[in-house]
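Colleague: Quick one: this structure, given as structure tokens, is what I'll be asking you about.
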Amino acid sequence: MLTGGSVGAVSVFTEAELAYLREPHLGRVATAGPDGQPHVTPVTYHYNEGEDAVDIGGIFFGGTKKWRDAMKNPRVTLLVDDVIGPPRRARALEIRGIVELHGTGGDKTNPRFPNFAPEFFRLRPRRIVAWGLEDEESGTGAGFRMNARNVE
């Protein structure tokens, strides 16, 4: 485990990953239907520092296909990505893991969105793949580093 999060806390995320998660990006969550067909949708998310997990929610969240899929198969992937520049370069954070389905509290998970449904996912990371984030720490934009690891 790597140091991150609040002072004295231990996080599965690096400092660069935590900084990226705290920025207001759009995420995409992937689930698998009963037939194995992947389903990807845009979502909002919030890094939950106290749980060292990512809370994912939205409007009508409990009535969505992603909710039904996760009820049967809690293996979910969240992808947060963007392109910055100049010079133009991609950054991304892929978080694979198991979600806990919560029937209440979603309306309080992300302070930017008070109209969220009460249902939400709490994603517990099992594998993290980040690219282009560590480059930003140096401020040079040079090179392209990837950091992939299991965190179980």
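Colleague: Go ahead and estimate [θ] at 222 nm for the chain from helices alone: -39,500 (n - 2.57) per DSSP H run with n ≥ 4, summed, over the residue count, rounded to 500.
Modeller: Rounded to the nearest 500, it is -3500 deg cm²/dmol.
Colleague: Tally up the carbon and sulfur contribution to the accessible surface of the chain as a whole percent, 1.4 Å probe, everything protein left in place.
Modeller: With neighbouring chains kept in place, the figure for the chain is 55 percent.
Colleague: Once you have the Cα-Cα distance between residue 35 and residue 147, take 0.36 nm times their residue separation minus that, and quote the gain in nm to one decimal.
Modeller: So the chain would gain 37.1 nm between residue 35 and residue 147.
Colleague: Same structure again: Counting Lys and Arg as +1 and Asp and Glu as -1, each charge on the Cβ, what is the dipole of the chain about the Cα centre in debye, to the nearest 20?
Modeller: 480 debye
Colleague: I would also like to ask the following. Starting from the Cα-Cα distance between residue 15 and residue 59, subtract it from 0.36 nm times their residue separation and give me the gain in nm to one decimal.
Modeller: Using 0.36 nm per residue and subtracting the Cα-Cα distance, I get 12.8 nm.
Colleague: Related question: In nm, give the distance between the simple-model label positions of residue 126 and residue 68, each being 7 Å from the Cα along the Cα-to-Cβ direction.
Modeller: 2.4 nm
Colleague: Per-residue counts of other Cβ atoms within 10 Å, averaged by peptide: what ranking do you get for 121-130, 106-115, highest first?
Modeller: Top of the packing list down: 121-130, 106-115.
Colleague: Where does each of 22-35, 56-69 land if you order them by average Cβ count within 10 Å, highest first?
Modeller: Listed from highest to lowest mean packing, they are 56-69, 22-35.
The values are calculated or read from the model by the stated rules, or taken from the named source; none is laboratory data. Quick caveat: nothing in here was measured; it's all calculated off a predicted structure. Methodologically, a virtual Cβ is constructed for each residue, glycine included, from the backbone with ideal geometry; neighbour enumeration extends over all protein chains shown. Quick note on the areas: whole protein, heavy atoms, side chains included, nothing else; ligands and nucleic acids left out. Shrake-Rupley method; radii C 1.70, N 1.55, O 1.52, S 1.80 Å.
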